[in-house]
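Since the structure comes first, as structure tokens, the remarks are kept for the end.
The values are calculated or read from the model by the stated rules, or taken from the named source; none is laboratory data. Being a predicted model, the structure only gives us computed values, none of them experimental. Counting neighbours? That spans all protein chains shown, and the Cβs are built from the backbone with ideal geometry, glycine included.
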2 protein chains.
Amino acid sequence: MMNADEDRVWKAIPPCCLKAMGPCPDEATRHDTVVSGWFSEVPFILFLCITVADKSFYHNPMWPGEAHSLKVEKILYHGRSDYQEILVFESYGYGKVLALDGIVQLTEKDECAYQEMITHLPLCSIPSPKNVLVIGGGDGGVLREISRHLSVEVIDICEIDQLVIDVCNDFFPNLSVGFKDPRVRLHVGDAVDFMRKSPPNNYDAIIIDSSDPIGPAQELVEKPFFETVAKALRPGGVLCNQAESMWLHTHLIQDMLSTCRVIFKGSVHFAWTSVPTYPSGTIGFLLCSTEGPPVNFLDPVNPIETQGVNKFRRELRFYNSEIHRAAFALPSFLKKELRTTSYNS
Amino acid sequence: MMNADEDRVWKAIPPCCLKAMGPCPDEATRHDTVVSGWFSEVPFILFLCITVADKSFYHNPMWPGEAHSLKVEKILYHGRSDYQEILVFESYGYGKVLALDGIVQLTEKDECAYQEMITHLPLCSIPSPKNVLVIGGGDGGVLREISRHLSVEVIDICEIDQLVIDVCNDFFPNLSVGFKDPRVRLHVGDAVDFMRKSPPNNYDAIIIDSSDPIGPAQELVEKPFFETVAKALRPGGVLCNQAESMWLHTHLIQDMLSTCRVIFKGSVHFAWTSVPTYPSGTIGFLLCSTEGPPVNFLDPVNPIETQGVNKFRRELRFYNSEIHRAAFALPSFLKKELRTTSYNS
């Protein structure tokens, strides 16, 4: 049972935060009003108003003890699909923001860094990619970036949540424009099923643009899934997977690298870049190639700059060949923890 | 006049936040209790409890509309010097934290990135640095890093605030250990005065480890100060200056680059790295050299790795030669905004 003060505070918490927090002491006290002013990935406000028995209760398991807050100018959309809670708001300094289950997925200001890097790190590392698969990525940003590559003939995308696609179509036209490329074939469904049915040796590149590996995306960082990915790639084909923060999730990165070194017989690398609105301000990428023509991720053979702007007439905002090479330079602490002499050099 | 609710909220705001916020409606309502639970660089809590007439009132002018919060385990020190408010606390995930005027200066977890980069970017770019000057840097971290360089004979440091030195000596022994190097000569005083009296052609390298250019550090990013710095450097000597966030402060970076291109006749470059607890998760560095033997910042001639661990037996945690080179790779948006073809290539 909660007292009146606790009840009042619970009612003031945005539901998108509640979901990220874990179990709620009283489901009935959840309330749909998003508190005016600030959006935060961790509902720190509780600590300011009430003392609760177990503070760890409110930690996001992916980044305990810290929170990044954005000032909310206006809530634009708020709804729940079969898979997750979807929130779109206009922020003070980062443009429109998409949050899923209370976690920032993208902001208009810094999405360029993530979308361009996760796409061009793999696609610029192989000559003339033709068949590309995107897993997740329902916002369309990765599709928009793939569309710059003139050699590409087919862009399959497997996204589980139609509502994410629809909401992004309404609020993020600069990302969802990616779906307008006639080479795109949309498959709405579960990626694990999709990969199981995928023909072997089919793709030149697979990009996994998933949410964090807690909840529905958990299977996407496990060995059986990576095995289906490796099978679906042609010899010398490449995978690029979102790989969390080098400052916060070293063990997770270590696990992913270990798993992938067993499965991918070509090369396996970790790269990183700056995305201010992701935890710790960085995001990592796992880059793997299958056995076959060797792939040197560290030196792009297929520079995108020479292909000019894409059909959507948007210039590259973040990626270039120097940033590509620089992304593989790892801090000494990470090299040591990952023993990356065998990975990145 | 404030109502009772507003008054209650004001009383709950840590004074370190109040200072960063700007004018206070009622000086008398300030209260010394640091709110238990979370430290934040922007006092977002106000938005959750009361509506105020002018929300912009609460913005930190350096990064409006966002806040990074760290869970406070224990307040270790809280005091005010003649220059600033000093707060030390144990955080949940980042070790001990030093905040000046409510702004995080360093955390034990990520200080390695800032201290190592601001020191070794300049010192590894010139052969055998002998005389080095640090401006600011009272925590001792930059001194600790300089001490790795065996060629160095004199390390002058000009820090305005003795209390910062003393507090760091008590709470951050892994940084203040830098003061124990016998080559260090401490000058407590104003850097503008110190530079005015400094003999010409004296230093191989000057490192400006200042707080943000609002308040006491403002003069340190202005032309007259840079002119005294350039004069104090030998021909082909180098400056490294903290240069804010490429995501948030492009105009400030542009101004600094323009000013320095006029004053430093050698080369002028911008570099950046990842520091999770700084706004946007990145920090920039301005690297300049005076006319004389040419300096190629992009390719370190004086690698520190070969000099082994320093006398304090602490391994490099972040810096290495690849990270050095990578730091000069700029995102396309920044290249465009800075028109850096003339700076970084």
**OP:** May I ask you to verify whether A:Glu90 is surrounded by fewer than 24 Cβ atoms within 10 Å (Cβ to Cβ) and not small (Gly, Ala, Ser)?
**Re:** yes
Original post:
Restricting to the range A:199-224, what's the tally of residues that are among the acidic types (Asp, Glu) and in contact with a strand residue (DSSP E or B) (Cβ under 6 Å, 6 or more places away or on another chain)?
Top reply: 2
**OP:** Within the range A:98-120, count every residue that is at pLDDT below 95 and either farther than 20 Å from A:Ile160 by Cβ or charged (D, E, K, R) (or both).
**Re:** 1
**OP:** Only residues that are loosely packed, with under 14 Cβ neighbours inside 10 Å and of a type outside the set (D, E, K, R): list them for the range B:190-200, please.
**Re:** B:Pro199, B:Pro200
Original post:
Quick one: B:Val268 ticks every box in (1) within 13 Å of chain A (Cβ to nearest Cβ); (2) farther than 18 Å from A:Ala326 by Cα; (3) in contact with a Lys or Arg (Cβ under 7 Å, 6 or more places away or on another chain) bar one, so which box is it?
Top reply: (1)
Original post:
Which pairs have Cβ atoms under 6 Å, sit 6 or more apart or on different chains, and link a residue in the range A:254-282 that is under 17 Å from A:Ile208 (Cβ atoms) to one that is of a type in the set (S, T, N, Q) and surrounded by fewer than 23 Cβ atoms within 10 Å (Cβ to Cβ)?
Top reply: A:His269/A:Asn344; A:Trp272/A:Thr282
**OP:** With the condition kept exactly as written, say whether any residue in the range B:178-190 is touching a Phe, Trp or Tyr at 6+ places or on another chain (Cβ under 8 Å), among the aliphatic types (A, V, I, L, M) and modelled with pLDDT of 95 or more.
**Re:** yes
Original post:
Going by the conditions given, is B:Leu143 within 14 Å of chain A (Cβ to nearest Cβ), farther than 25 Å from A:Thr250 by Cα and within 17 Å of the chain's Cα centre (by Cα)?
Top reply: no
**OP:** Report yes if some residue within the range B:151-173 is within 19 Å of B:Leu286 (Cβ to Cβ) and in contact with a helix residue (DSSP H, G or I) (Cβ under 9 Å, 6 or more places away or on another chain); otherwise report no.
**Re:** yes
Subject >> Unmet requirement for A:Thr228, which otherwise passes all of (1) in contact (Cβ under 8 Å) with a residue 60 or more places away in the chain; (2) touching a Ser or Thr at 6+ places or on another chain (Cβ under 8 Å); (3) of a type in the set (Val, Ile, Thr) >> reply: (1)
**OP:** Output yes when any residue across the range B:286-305 is closer than 26 Å to B:Asp212 by Cα, at pLDDT 95 or above and at the interface with chain A (Cβ under 7 Å from one of its Cβ atoms), and no when none is.
**Re:** no
**OP:** Go through the residues of the range B:233-248 one by one and say whether even a single one is more than 20 Å from A:Tyr278 (Cα to Cα) and within 14 Å of chain A (Cβ to nearest Cβ).
**Re:** no
Original post:
Scanning for something hydrophobic (A, V, I, L, M, F, W, C), under 30 Å from A:Trp272 (Cα atoms), in contact (Cβ under 8 Å) with a residue 40 or more places away in the chain and surrounded by 23 or more Cβ atoms within 10 Å (Cβ to Cβ), does the range B:305-312 turn up at least one residue?
Top reply: no
Original post:
So, of the residues in the range A:225-242 that are of a type in the set (S, T, N, Q) and touching a strand residue (DSSP E or B) at 6+ places or on another chain (Cβ under 8 Å), which turns out to be nearest to A:Arg196 (Cα to Cα)?
Top reply: A:Asn241
Subject >> Any helices (runs of 4 or more DSSP H) falling wholly within the range A:132-230 and containing at least 1 residues that are aromatic (Phe, Trp, Tyr) >> reply: A:162-171, A:191-197
**OP:** Any chance you could count how many residues in the range A:201-211 are surrounded by fewer than 23 Cβ atoms within 10 Å (Cβ to Cβ) and closer than 18 Å to A:Pro279 by Cβ?
**Re:** 2
Original post:
Out of all the residues in the range B:314-321, is one or more under 16 Å from the mean Cα position of the chain (by Cα), surrounded by 15 or more Cβ atoms within 10 Å (Cβ to Cβ), closer than 24 Å to A:Ala113 by Cβ and hydroxyl-bearing (Ser, Thr, Tyr)?
Top reply: no
